[in-house]
1. With Rg and the Kirkwood Rh both taken from Cα atoms, where does Rg over Rh land for region 1-95?
2. Helix-only mean residue ellipticity at 222 nm, the chain, DSSP H runs n ≥ 4 weighted -39,500 (n - 2.57), per residue, nearest 500. What is it?
3. Along the charge dipole of region 287-402, which of Pro332, Gly370, Ala287 sits closest to the positive end, that is, farthest toward it, with unit charges on the beta carbon of Lys, Arg, Asp and Glu (+1, +1, -1, -1)?
4. State which stretch of the chain is the longest one without any exposed trypsin sites (Lys or Arg not before Pro), exposure meaning a DSSP loop state and at most 11 other Cβ atoms within 10 Å.
5. For the chain, max minus min Cα coordinate along each principal axis, in Å, sorted largest first?
6. Pick out which of Gly80, Gly64, Gly148 has the largest mean-square fluctuation in a Gaussian network model of the chain, springs linking Cα atoms closer than 10 Å.
7. Given N residues in region 287-402, what is its alpha carbon radius of gyration divided by 2.2 N^0.38 Å?
8. Just to be sure I understand: with springs between alpha-carbon atoms less than 10 Å apart, which residue in Val320, Val192, Val63 has the highest mean-square fluctuation in the Gaussian network model of the chain?
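Since every read-out is calculated from the coordinates, none of them should be taken as a lab result. Everything numeric in this text was worked out from a predicted model, so none of it was measured. With ideal geometry, Cβ positions are generated from the backbone for all residues, glycine too; neighbour counts draw on all protein chains shown.
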Amino acid sequence: MSDRERIRAIAVDWSGAKTGEQKKIWLAEVSDGHMARLENGRTREELIDHLCQEADWSRAMVVGLDFAFSFPEWFCKELGAEDGAAVWRRAEALGDEWLEECPDPFWGRRRKKRPELSAHFRRTEEEAEAAGLQPKSVFQVGGGGAVGPGSIRGMPYLVRLHEAGFNIWPFHAPRRPLVLEIYPRAMTGPVVKSDRAAREHYLGDHFPEMTALQRRTAMGSEDAFDAAISAITMARHMREIVSLPPNPDRVTRLEGAIWRPSERPDSADTHVERVDEAKFISTTRCALCAPAPDTVYDRSSHALALTDRDPVTLGHTLVVPLSHVGSVFDLPESEREDLWALVASVRSRLAREYEADGFTVGIDDGAAAGQSMDHAHVHVIPRYAGDVLEGRRGVRVVIPERW
């Protein structure tokens with residue numbers, strides 16, 4: 001496999017500084033088990049240009065950006081935003097006002113103290129807090145540790161990245177090139193990152209991916225340290241990243257979600273496993289877990305409708321649960337009901353589009369019944385008058401001897 005075929009992990013320690021951000025923005029890349037670079041010197045605009053150029057060269061990349069991708073649900077609704085893209089466009093239109101005037105619910109500037117709000121945190125930040133982390137509110141736009149400026153100045157670039165072909169998870173399906181929201185503190189654990197001696201002790205011998213020069217560079221600043229550890233963590237947990245759920249719940253699709261690894265890199269296996277995307281999907285995820293994008297034409301909360309690659313008739317469709325189960329009867333009741341609702345919707349759509357004379361809707365449930373894939377699926381097959389000689393016998397033809 002060439003390096004171009006491998007998934008590169010790129011982490012960016014972002015900055016919301018009004019000027020001079022090129023000194024604070026650091027990019028680290030881990031590719032093929034080694035840190036390929038650890039560098040700064042780009043403005044926000046230049047960094048986004050660079051990522052777009054990198055995606056033109058190779059789509060097999062996952063980018064982690066260190067800022068909040070959205071706001072708590074209640075504020076998104078106040079903005080009139082029904083999806084992430086609408087939030088980002090509102091941030092682009094109003095961001096300067098939020099940062100300069102500090103209107104409610106923003107705080108931290110003009111001596112404005114933290115207000116009482118229905119929720120300062122998104123659900124993902126509440127989960128991080130419950131895990132022992134100390135997330136900051138995106139509404140804080142001034143004062144020590146404020147993450148608001150970086151997030152507000154970062155959100156409009158998500159529109160541009162998506163227009164350039166990036167998928168922003170969880171707002172879009174987790175396909176490459178992929179952008180994740182990251183939180184470096186979730187990668188490092190309780191190290192005093194502002195202390196050079198603490199950074200030096202933390203790096204120690206735990207990170208063979210780095211050269212001696214890169215290790216010294218990471219020791220040199222908190223920003224470089226965060227970028228380096230984040231890229232290594234992403235690379236070490238690439239299997240988790242490529243297995244992210246494709247269709248999270250409605251709140252998550254509006255608020256976004258911080259990607260957090262199952263464990264910190266200093267406690268993980270120091271071997272960086274080389275993950276080739278095509279090989280990984282073919283060997284550890286069935287084709288129905290990772291369907292080709294051009295086959296997906298409808299979806300519900302818990303299921304997808306796919307165009308069958310080897311259709312029996314015109315319009316032959318598979319309805320597939322997002323959960324990898326062997327039988328639809330292994331699904332929780334709510335997911336099974338959702339799947340059947342999508343089956344009904346698909347049948348109605350096919351009836352309109354193909355003017356079918358009837359339908360065969362069926363499941364091969366178990367190997368003895370002819371199930372050839374271990375991921376449950378429902379066939380919705382439009383039927384047409386005269387398509388078979390014995391069409392009136394219907395499903396009984398599965399055992400020809402009993403006709």
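1. Values: Rg = 16.0 Å, Rh = 15.2 Å.
Result for region 1-95 is an Rg/Rh of 1.05.
2. Result for the chain: -10500 deg cm²/dmol, rounded to the nearest 500.
3. Of the listed residues, the answer is Gly370.
4. Values: sites that count: Lys18, Arg110, Arg111, Lys113, Arg309.
For trypsin sites (Lys or Arg not before Pro) (loop position, at most 11 other Cβ atoms within 10 Å), the longest site-free span of the chain is 114-308.
5. Extents along the principal axes: 80, 47, 37 Å.
6. Greatest mean-square fluctuation among the candidates belongs to Gly80.
7. Relative to the rule-of-thumb radius for its length, region 287-402 sits at 1.06.
8. For the chain, modelled as a Gaussian network with Cα springs under 10 Å, the answer is Val192.
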